[in-house]
1. For the range 106-150, what class follows from the C-alpha gyration tensor (a ≥ b ≥ c being the square roots of its eigenvalues): rounded when a/c is under 1.5, otherwise prolate if a/b is larger than b/c, else oblate?
2. For PHE82, what charge total do you get from the other residues with a beta carbon under 12 Å from its beta carbon, if Lys and Arg give +1 and Asp and Glu give -1?
3. What is the sum of charges, Lys and Arg at +1 and Asp and Glu at -1, for the other residues whose Cβ falls under 11 Å from the Cβ of SER70?
4. Go through TRP45, TRP64, TRP230 and list them by solvent-accessible area, largest first, probe radius 1.4 Å.
5. Within the range 74-126, what whole-number % of the accessible surface is contributed by carbon and sulfur, with the 1.4 Å probe and all protein chains included in the calculation?
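The values are calculated or read from the model by the stated rules, or taken from the named source; none is laboratory data. The shown structure was predicted, so the numbers you read here are calculated from the model rather than taken from an experiment. All Cβ positions, even for glycine, are placed from backbone atoms using ideal geometry, and neighbour counts span all protein chains on display. What goes into the accessible areas is simple: the full protein's heavy atoms, side chains included, and nothing from ligands, DNA or RNA. Shrake-Rupley method; radii C 1.70, N 1.55, O 1.52, S 1.80 Å.
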Amino acid sequence: MKQFIAKSLKYLILLLIGIVLLYFAFKEQDLNLLLEDLRRAEYVWVFASVLFAYFAHLLRAYRWRMMISSLGHGTPSVINTFYAVLIGYLANLAFPRMGEVSRCGVINKTDQIPIVKLIGTVVAERLIDLLMLGFIIFLAIAIQFGLLSDFLYNNLLIKLTGSEGYFTLLVFVSCLLILMLVLFYIFKKREKLGIWYKIHNFYLDIISGIFSIKAMGNKAGFIAYSILIWLMYGISVYLCFFALKATAELGPVVALSTLVFSSLAMIAPVQGGIGAFHWMVSEGLTIYGIERSEGLAFALLLHSFQTLIILFTGSISLILLFINSPKKIGNEEAGTN
C-alpha cells in the first residue's frame, strides 16, 4: 500500500510539474488571439503531419521487431509489434517512461519472449535514438551556430550554473552514493538474501537484449529504419508549419531546429511532454521572429493532434489485443490436444 501511495505521489508530482510548465508557457498570452490562430488553421496540413508521425511509429515497430528477432526466441508479427509500440506511447501519456515496460509486457504476453531481454532491446533502441538526436542537434547547430548555440545555452545550460547548479550536482552525487551503498550491501549479504544469482541473471538478460543489435543480420536495414524514423518526425514538423499563416514561410532548416526543441522537451519526465513541449517549441520559434502566441498555437496543434491520435490508436490496439489474445490461447490449446 505504501509503495502504491509513493508511486502515485511521484506521478502526481510529475504531472504538476507539467501543469506548471504549461502555465508558464501560456502566461501573459492573449488566449483570444491564440484561439483565433487555431480557428484559422488549415487542418489538412495538421492531418498530413500526423500521418507522417504515425508512419514513424510503424517504422519503429519494424525496427524493434528486427531487434527482437535476433534474440533467438522467435519473431513477433508486425501487427503485434505495432500494437505494442502504440500501447507503449499510450502508457507514456499516463505515466512517464511506463511505455517502455508496457510494450515489452505486450510482446511477452503475445509471443512469450522473456520480458527482461525485451527491456534490453528497448534500452539499446533508446541509446540509438539518443545518438540520432545527438547527431541532429550537432547538424542543427552546425547549420545555424549563432542562433541555436545562444538559445540552447541561455535556456538549458545556464540553468545548471550558479547555486542551482551546485544543488543539482549535490543531489546527483548523493543519489549516486546511496546507490553504491545499496549495491555494496547486496553484495555483502548476497548469500543471506539469496538474490545474488537472480540479479546476475537479470543483468545478463538485459545485456543480451542490449547486444541484440550485434547479432542482427540486416544491420543496414536497421540503420535505414533509424534514419527514416527521424526523417518522418522532421517532415511531420515541417508539414505542420503550413497549417498556420505565421509559420507557413518557415523552411526545412527551421523544422530541423524545431525537431531538436520538441525532442529535448519530450525527454522531460512529465506525462506526454505536457508543458515542456509547448514552452520549448514556442520559445525556440521566437528566435525566428515568430510571436510567442503564434508559436504556442503551433506547439498546441502539433502536440495535441499527435496526442489525440495516440489516445485513439493506442486504445484501439489495447482493445484488439485483448480480443485476439484469448483466440490465440485457444488455438494453442487446441494444437496441443
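1. prolate
2. In short, +4.
3. Every neighbour counted, the sum reads +4.
4. Result of the area sort, largest leading: TRP45, TRP230, TRP64.
5. Values: 1200 of 1770 Å².
Carbon and sulfur together cover 68 percent of it.
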